[in-house]
Amino acid sequence: MNPTAEIREITADMSEKELLLQMAQDARITAQNSQKQLRLARIRLVLLVLFLAAALIFAATWTPKIEAMLEKTDLLLNDLAQVTEQIESADIPGLMESMDQLAEEGVLSLQSIREAAETLGDLNMEKLNQAISDLQKAISPLARLFG
């Protein structure tokens, strides 16, 4: 059915006064709905402004900190890359072999020291002192001769 035909039917059934009352009530309802929509739009606007302000404060506060952290991270990554390069360039098997040789030489040195200590322990100090004393007696006339 046609909308204008529906309106004619409604108006035919109602009196003018009833129709005006109905229109006034519809206008009040529409005004109330418009006011609710306006309040909701204002609330949304306030929330949006608060959100934007919070985002700006967050950005202003954290941007320098994040930038400093990124710089530190960059420095750490550069240091890590240098250490990695040094480790890669190091001759680990050669170093291990050198360490093994040093350990073997250390063991041989300790054995030599032990043998020397045993030899010194075997010496008779009294006989050594006696030999030194006899040597002095033998050399003293020569020392007087040369002067």
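Only the coordinates and a few stated rules stand behind these numbers; no lab work does. Quantities reported herein were computed from a predicted structural model and do not represent experimental measurements. Note: ideal-geometry Cβ built from the backbone for every residue, glycine included; neighbour counts use all protein chains shown.
Phi angles of segment 87-99 translate, via the Karplus equation with coefficients 6.51, -1.76, 1.60 and θ = phi - 60°, into HN-Hα couplings of 5, 5, 7, 6, 8, 4, x, x, 5, 5, 5, 4, 5 Hz per residue; Gly and Pro are given as x.
Largest first, the three principal axis extents of the alpha carbons in segment 92-147 are 66, 28, 7 Å in whole numbers. What you get for the chain, charging only the Cβ of Lys and Arg (+1) and of Asp and Glu (-1), is a dipole of about 1340 debye around the Cα centre. Using the Karplus relation 6.51 cos²θ - 1.76 cosθ + 1.60 with θ = phi - 60°, the per-residue 3J(HN,Hα) values for segment 126-134 come to 5, 5, 5, 4, 5, 5, 5, 4, 5 Hz, with x marking Gly and Pro. Extending 7 Å from Cα along the Cβ direction at Ala138 and again at Thr4 yields two label points whose distance is 15.5 nm. The alpha-carbon atoms of the chain define a convex hull whose volume equals 446 cubic angstrom per residue. The angle between the Cα long axis of helix 3-13 and the main principal axis of the chain comes to about 50°, on a 0 to 90 degree scale. Ordering Met23, Leu50, Ala68 by the projection of their Cα atoms onto the charge dipole of segment 11-79, which places +1 on the Cβ of Lys and Arg and -1 on the Cβ of Asp and Glu, puts Met23 at the extreme positive end.
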